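Below you'll find the structure, written out as structure tokens, and then a few comments.
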Amino acid sequence: MGHAGRPYYVPVGNEEQVFRAAYRQNLAILLKGPTGCGKTRFVQAMAHDLNRPLVTVACHDDLTTADLVGRFLLRGGETEWVDGPLTRAVREGAICYLDEVVEARQDTTVVLHPLGDHRRQLPIDRLGLTLDAAPGFCLVVSYNPGYQSVLKDLKDSTRQRMVAIELGFPPPDVEEKVVAAEAGVAPDTASQLVVLGQAIRRLETPGLREVASTRVLIAAGQLIAEGLTPRAAARAAVAGPLTDDLSLTAGLAQLIDVYLGEDLAPAKA
Ligand code: ADP
């Protein structure tokens, strides 16, 4: 990743302080919050501040322990062990971020237990060895507390060794700054998009609240920066991804018309 500057992250509460404290005390971190609220960006910023390499694994429902730990591969007639990302992080003393760990298979708890608790060890059955995590290693797992979770299967003793940091959507003033900076739109435009996002999050309709994330507001801003009207941008970037339901789409279009006036000037980058 080179020596680029700090990834742009605006703190919402005391999350940076909690992260640093947990890191120094070798505690694993549970990052809770809806998708698109800034979890990944936050971990990137912290890895930069703590001067540690960051290994990120986007978890999915086929992700197995072998995907995390490693496997023997056939190379030119020879079998060769290849470390998985978790093993690499353990050896390097990296921050290992398991994004959306809820998606991973249940059997991954076998490795999360000894790594997440005081042992800080990674058992590699196929090699018949157990690795001690190098200094600096930190396990960070993110999940959406609303969902079924492999974390529910973690022993209490392991969960209690982890520190929870809850990240919600940023408050309006922070989210405005973020949308303006990330999309390159004027503060007024960012502010109107945030007001729209807030309105959608207030709806009682199941499923909608979380999807009007900071990420989709930024995407709408990016379309505006390309010259689309705010209404067209919001229909494409906010309403479209949110739902396929026709009446819901119509309702969102109305909401967009209410909150985004056509007289709003297109933004300058
Ligand atoms: P998550 O990992 O929770 O799904 P991301 O970290 O990918 O979400 O955040 C989505 C986008 O929202 C990021 O690309 C970033 O531009 C923006 N973002 C959200 N919250 C913040 C914040 N507090 N500071 C800076 N950018 C943020």
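The values are calculated or read from the model by the stated rules, or taken from the named source; none is laboratory data. As the structure is a prediction and not an experimental result, all values here were calculated from the model. A quick note on method: Cβ atoms are made from the backbone with ideal geometry, for glycine too, and the neighbour counts reach across all protein chains shown. Protein only, heavy atoms only, side chains kept; ligands, DNA and RNA dropped before computing areas. Shrake-Rupley method; radii C 1.70, N 1.55, O 1.52, S 1.80 Å.
Filtering the stretch 201-242 to residues that are open to solvent by 20 Å² or more (accessible area, probe 1.4 Å) and of a type in the set (S, T, N, Q) leaves Thr205, Gln222, Thr229. When the residues of the stretch 8-52 are filtered to those that are open to solvent by 70 Å² or more (accessible area, probe 1.4 Å) and near the ligand (Cβ under 7 Å from one of its atoms), the one that is nearest to Thr214 (Cα to Cα) is Arg41.
Suppose the filter is closer than 22 Å to Gln160 by Cα, touching a helix residue (DSSP H, G or I) at 6+ places or on another chain (Cβ under 8 Å) and either surrounded by 22 or more Cβ atoms within 10 Å (Cβ to Cβ) or touching a residue at least 12 places away in the same chain (Cβ under 8 Å) (or both); does Leu63 pass it? Criteria not met by Leu63. Candidates in the stretch 109-129 are the residues that are in a helix (DSSP H, G or I) and either in contact with a Pro (Cβ under 8 Å, 6 or more places away or on another chain) or among the aromatic types (Phe, Trp, Tyr) (or both); of these, the one that is most open to solvent (accessible area, probe 1.4 Å) is Val110. Taken over the stretch 53-75, the criterion of being closer than 19 Å to Ile124 by Cβ and within 14 Å of the ligand (Cβ to nearest atom) is satisfied by Val57 alone. Looking across the stretch 1-20, the residues that are part of a helix (DSSP H, G or I) and without any contact (Cβ under 8 Å) to a residue 40 or more places away in the chain come down to Glu16, Gln17, Arg20.
For the stretch 24-36, state whether one or more residues are assigned to a loop (DSSP other than H, G, I, E, B), closer than 15 Å to Leu139 by Cβ and either in the same structural domain as Lys177 (by TED's automatic domain parsing) or hydrophobic (A, V, I, L, M, F, W, C) (or both). Show your work before the answer.
Restricting attention to the stretch 24-36, the residues satisfying the condition of being assigned to a loop (DSSP other than H, G, I, E, B) are 25-27, 33-36.
Now narrow it down to the ones that are closer than 15 Å to Leu139 by Cβ: 25-27.
Imposing the further condition that a residue be either in the same structural domain as Lys177 (by TED's automatic domain parsing) or hydrophobic (A, V, I, L, M, F, W, C) (or both) reduces the set to 27.
Yes, there is a match, as at least one residue in the stretch 24-36 is assigned to a loop (DSSP other than H, G, I, E, B), closer than 15 Å to Leu139 by Cβ and either in the same structural domain as Lys177 (by TED's automatic domain parsing) or hydrophobic (A, V, I, L, M, F, W, C) (or both).
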